[in-house]
Amino acid sequence: MQATEARAPAAAREMFYSEALGDALRLEMARDERVIVIGEDIAEHGGAFQVTAGLLERFGPTRIRQTPISEIGIVGAAVGAALTGLRPVVELMYVDFAGLAMDQIVNQAAQNRFMFGGQARVPMVLRTQGGSGRGNAAQHSKSLEAWFAHVAGLKVVMPSTPGDAKGLLTAAIRDDNPVIFLEHKLLYRTKGPVPEGEHLVPLGKADVKRAGRDLVIVTWSREVLFALEAAERLARDEIEAEVVDARTLVPLDKETILASVRKTHRVLVLHEAVKRGGYGAEIAAMIAEEAFDDLDAPPRRLAGLETPIPYAQHLERSVVPQVDDIVRAAKELVA
Amino acid sequence: MDRKTARDVYRVMRRIRGFEERSATLFGENKIWGTIHSYAGEEAIAAGVCANLRDDDWITSTHRGHGHCIAKGADLGKMFAELLGRETGYCRGRGGSMHIADTSKGNLGANGIVGGGIPIATGAALTAKQLGTDQVAVSFFGDGAANQGTFHESLNLAAIWKLPAVYVCENNQYAESLPVKRAFAVDDIAVRAAGYGMPGLRIDGRDVRAVYDAAREAIARARAGNGPTLLVADSYRHEGHYYGDPRKYQSKDEIEGWRKRFDPLTDARAWIVDEGIASAADLDAIDREVAEEIDRAVAWADAGPLASPIALPGDVYAGD
């Protein structure tokens with residue numbers, strides 16, 4: 001987060017990631033009465049991760065529309081509302097529940113514009129959170145970005161910092177397409193500077209979170225924090241790692257990634273999600289196709305093991321990349 | 001139903017039947033790619049419901065969606081053009097039969113997923129409620145969809161939020177090949193409405209007057225802010241699930257018997273003439289006009305350019 005801090009404008013305030021998201025919702029709801037929030041436990045309770053805390057008091061129960069536990073009903077209603085003039089923001093409590101709503105996400109929201117020959121727009125945001133690290137075990141801890149990134153018609157956003165969370169959520173709400181906005185459960189209580197007032201981070205722009213010359217680590221979401229920590233340790237051994245936060249997986253900012261690859265000639269693609277069929281494979285393949293001659297070593301992936309997320313704390317940590325793993329992989333890559 | 005409405009719904013039903021018959025011909029001539037599902041036999045439902053809707057009311061439809069589309073005011077030429085894969089089709093050849101939408105008339109689309117449109121109509125009704133308009137959303141779906149989770153979740157949401165929605169279950173006796181008796185432990189699907197706290201009404205889907213009257217009341221109730229209704233219209237699908245369906249799950253006797261017993265167009269002709277609303281000659285004239293309209297529509301569609309190549313990302317993403 002160092003680089004973000006250095007660039008933050010004067011009118012920034014330290015905020016939790018969860019507060020930054022709530023700030024974006026509050027500002028967009030005040031700006032546009034068509035924006036509504038719909039989901040489970042979002043009213044008096046303030047959301048399972050407190051992102052919507054305070055919004056019920058400000059906007060009332062029709063715009064902070066709390067629902068029964070009906071995932072496909074909620075997402076489908078958001079699709080219908082988006083098709084007819086609202087700009088709904090769905091809160092899906094865990095990304096693992098997306099399976100219950102997948103038809104409406106994939107067959108309806110993502111494809112309506114295309115299937116109808118351009119007659120429709122589906123300006124909706126599906127906010128949800130994933131990731132391990134809290135002992136929630138296999139049905140509440142997955143990282144499923146690759147599922148959504150595979151579907152034509154969806155945009156996929158994964159912010160790592162409070163500032164990016166606010167700016168990207170604002171951009172997602174103003175986007176005329178269905179945006180899958182994937183938060184990480186262990187980022188909600190991280191703090192960072194967040195610009196006050198309107199703050200937009202455009203979709204499709206990666207961010208160089210740390211500059212370096214020896215290798216580039218391309219990553220997103222919570223692993224950005226791990227990568228930055230690993231980079232500090234690598235620097236003690238005079239290895240300077242650049243860290244690129246992809247921020248948006250669809251559309252992907254190829255230019256920023258390729259520029260870092262051309263500068264460092266070595267790339268480690270890092271994510272928490274299972275390696276097999278993960279989005280890192282897409283990025284590694286893209287780099288191999290477009291910058292093969294700039295590489296001094298094959299692109300390397302470091303990602304989750306091919307297993308459901310286990311419960312016990314030491315087991316949970318053993319299946320997703322930790323800082324030690326990143327340091328080790330980076331050293332092997334530059335050796 | 002007043003006299004003008006009676007003649008109007010007769011014409012709508014004739015247009016639907018004519019569209020399906022011509023589509024079958026075109027399909028037999030290999031001019032239609034993929035698959036199509038005929039609405040023949042169920043015309044009274046779409047016609048009777050949509051006669052109570054305004055252009056700015058919304059519907060969601062099904063894979064068997066031609067009838068809803070026509071009843072909501074679609075242009076037959078643009079529909080045929082879509083089936084023929086033309087740029088001039090409603091979906092510019094991207095969607096085909098199972099995805100025709102006409103948002104200019106509030107048709108939010110046919111749907112290839114059984115039960116897929118039910119929550120979408122619910123969301124449209126939410127828009128009306130949220131923005132304080134008096135628009136209504138109607139979801140058409142089949143008996144098969146009534147066993148999907150979307151049916152349950154959507155009816156419950158609409159009931160607790162008192163949304164201006166009307167759910168129209170078209171019981172055409174088969175979910176693909178499965179007869180309703182093997183898919184429901186109740187005889188009357190409409191009893192399910194009580195479980196959601198909304199009125200449920202079983203109606204004769206062959207009789208356009210019965211459909212019209214029930215829909216008028218349900219739509220007025222929704223428009224007045226009094227919440228959703230479930231209508232279940234008993235009907236019969238004249239053709240198979242799709243053109244070319246070998247229909248091994250039905251006997252010939254059943255098909256021929258039901259077709260004769262259950263033809264909303266024959267029925268409508270009978271009572272319209274009996275009640276002196278129009279003469280047989282008047283109705284013959286409507287039939288001829290519709291036949292000519294279909295000839296013109298097919299000729300127009302056939303003259304249209306083939307669908308343009310897929311343009312990325314603009315065909316898939318708005319604003320790019």
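What follows is calculated from the coordinates using simple rules that are stated; it is not laboratory data. On a predicted model such as this, the values are computed, not experimentally measured, just so you know. Glycine gets a Cβ as well: all are built from the backbone with ideal geometry, and neighbour counts include every protein chain shown.
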* Between the DSSP loop rule and a limit of at most 15 other Cβ atoms within 10 Å, which GluC sites (Glu not before Pro) in the stretch B:224-320 are left? -> B:Glu275
* Structure fact -> Toy charge model, Lys and Arg Cβ at +1, Asp and Glu Cβ at -1: the stretch A:210-268 dipole around Cα centroid in debye, rounded to 20, equals 140
* Structure fact -> In chain B, taking the dipole from +1 charges on Lys and Arg beta carbons and -1 charges on Asp and Glu beta carbons about the Cα centre, the listed residue (B:Thr35, B:Gly73, B:Thr127) farthest towards the positive end is B:Thr127
* Asked: What residue among A:Met102, A:Met115, A:Met124 shows peak mean-square fluctuation when chain A is described by a Gaussian network model with Cα springs under 10 Å?
  -> A:Met115
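Among A:Ser18, B:Ser308, what is the fewest-to-most ranking by other Cβ atoms within 10 Å?
B:Ser308, A:Ser18
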* By the scheme Lys and Arg +1, Asp and Glu -1, what is the net charge of all other residues having a beta-carbon under 11 Å from that of B:Ala146? -> -1
* Loop GluC sites (Glu not before Pro), the stretch A:256-335 (other Cβ atoms within 10 Å of the site Cβ: 15 or fewer; DSSP) -> A:Glu306
* Asked: Which three semi-axes in whole Å describe the equivalent ellipsoid of the stretch A:207-334, each the square root of 5 times a Cα gyration tensor eigenvalue, listed largest first?
  -> 22, 17, 13
* Asked: Once phi is turned into θ = phi - 60°, what whole-Hz ³J(HN,Hα) does the Karplus curve with 6.51, -1.76 and 1.60 give for every residue of the stretch A:272-284, x standing for Gly and Pro?
  -> 6, 4, 3, 5, 4, x, x, 5, x, 5, 4, 5, 4
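First select every other residue whose beta carbon is under 11 angstrom from the beta carbon of A:Arg317; then total the charges, Lys and Arg +1, Asp and Glu -1. Intermediate values should be presented prior to the final figure.
Working: positive: none; negative: A:Glu316, A:Asp324, A:Asp325.
Surrounding charge for A:Arg317 is -3.
Of B:Lys31/B:Lys105; A:Lys155/B:Lys78; A:Lys155/A:Lys209, which ones are farther than 29 Å apart at the Cα? Walk me through the numbers on the way to the answer.
On the way: B:Lys31/B:Lys105 27 Å; A:Lys155/B:Lys78 31 Å; A:Lys155/A:Lys209 22 Å.
Table pairs above 29 Å Cα-Cα are A:Lys155/B:Lys78.
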* Structure fact -> The rounded separation in angstrom of the Cα centers of the stretch B:260-320 and the stretch B:101-138 is 22
* Asked: Peptides A:151-158, B:212-219: what's the order by average Cβ count within 10 Å, highest mean first?
  -> A:151-158, B:212-219
* To do: Putting +1 on Lys and Arg Cβ atoms and -1 on Asp and Glu Cβ atoms, find which of A:Trp220, A:Thr161, A:Ile42 reaches farthest to the positive end of the dipole of chain A.
  => A:Ile42
* Asked: Picking from B:Tyr236, B:Pro199, B:Val316, whose Cα lies most toward the positive end of the charge dipole for chain B (charges on Cβ: Lys, Arg +1; Asp, Glu -1)?
  -> B:Pro199
* **Percent of beta bridges antiparallel (DSSP, the stretch A:2-195, rounded to nearest 5)** => 20
* Asked: the stretch A:16-35 to the stretch A:149-166: how many Å between their Cα centroids?
  -> 16
* Using a Gaussian network model of chain B whose springs link C-alpha atoms within less than 10 Å, name the residue from B:Pro305, B:Pro228, B:Pro119 with the highest mean-square fluctuation. => B:Pro305
* What is the log10 of I(q)/I(0) for the protein assembly as shown, computed with the Debye formula using one identical point scatterer on each Cα and no solvent, at q = 0.07, 0.10, 0.11, 0.12 Å⁻¹? -> -0.51, -0.91, -1.04, -1.16
* To do: Express as a percent, rounded to the nearest 5, the fraction of DSSP beta bridges in the protein assembly as shown (both residues included) that run antiparallel.
  => 20
* Measure nothing fancy, just the Cα-based angle from helix A:71-83's long axis to the longest principal axis of chain A, in degrees from 0 to 90, nearest 10. => 80
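Relative contact order of the stretch B:160-318, please, whole-number percent, based on alpha carbon pairs below 8 angstrom and at least 6 residues apart. Mind dumping the intermediate values first?
Working: 157 pairs, mean separation 39.6, N = 159.
Computed over the stretch B:160-318, the figure is 25 percent.
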* Which of the aspartates and glutamates could a cross-linker bridge to A:Lys205, judged by Cα under 13 Å and excluding same-chain residues fewer than eight apart? -> A:Asp164, A:Asp245, A:Asp253, A:Glu255
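Would the stretch B:219-274 count as rounded, prolate or oblate if I go by the C-alpha gyration tensor, calling it rounded below 1.5 in a/c and otherwise prolate when a/b exceeds b/c, oblate otherwise?
oblate
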* Once you've got the GNM for chain B with C-alpha springs shorter than 10 Å, pick whichever of B:Val298, B:Val273, B:Val138 has the biggest mean-square fluctuation. => B:Val273
* To do: Among the trypsin sites (Lys or Arg not before Pro) in the stretch A:222-326, which ones are in a DSSP loop with at most 12 other Cβ atoms within 10 Å of the Cβ? Mind listing them?
  => A:Arg276
* **Cα long-axis angle, helix A:254-264 against chain A (0 to 90 degrees, to the nearest 10)** => 20
* Net charge near A:Val327, counting Lys/Arg +1 and Asp/Glu -1 over other residues with Cβ under 11 Å of its Cβ? -> -2
* Going by alpha carbons, how many degrees (0 to 90, nearest 10) lie between the helix axis of A:323-334 and the longest principal axis of chain A? -> 50
* For peptide A:81-93, how many partner chain Cβ atoms fall within 10 Å of a residue's Cβ, on average? -> 5
* For the protein assembly as shown, with only Lys/Arg (+1) and Asp/Glu (-1) charged at the beta-carbon, what is the dipole magnitude about the Cα centre, in debye rounded to 20? -> 460
* **Overall form of the stretch A:2-195 per C-alpha gyration tensor (a/c, 1.5; a/b vs b/c)** => rounded
* Relative contact order (percent) for chain B, with alpha-carbon contacts under 8 angstrom and 6 or more residues of separation? -> 23
* To do: Take peptide A:190-202, look around each residue's Cβ out to 10 angstrom, count Cβ atoms belonging to other protein chains, and average those counts.
  => 0
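Under 1.5 on a/c is rounded, so check that first for chain B, then, if it is not, pick prolate when a/b is larger than b/c and oblate when it is not; a ≥ b ≥ c are the square roots of the alpha carbon gyration tensor eigenvalues.
Rounded is the answer for chain B, as its axis ratio a/c remains below 1.5.
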* Asked: How many partner chain Cβ atoms sit within 10 Å of a residue's Cβ in peptide B:94-107, on average, as a whole number?
  -> 3
* Lys, Arg +1 and Asp, Glu -1 on Cβ, resulting dipole of chain A about Cα centre, debye, nearest 20 -> 320
* Taking amide hydrogens as modeled 1.01 Å from N in the peptide plane, which residues meet the under 5 Å criterion relative to A:Gly304, leaving out close sequence neighbours? -> A:His271, A:Ala273, A:Val274, A:Lys275
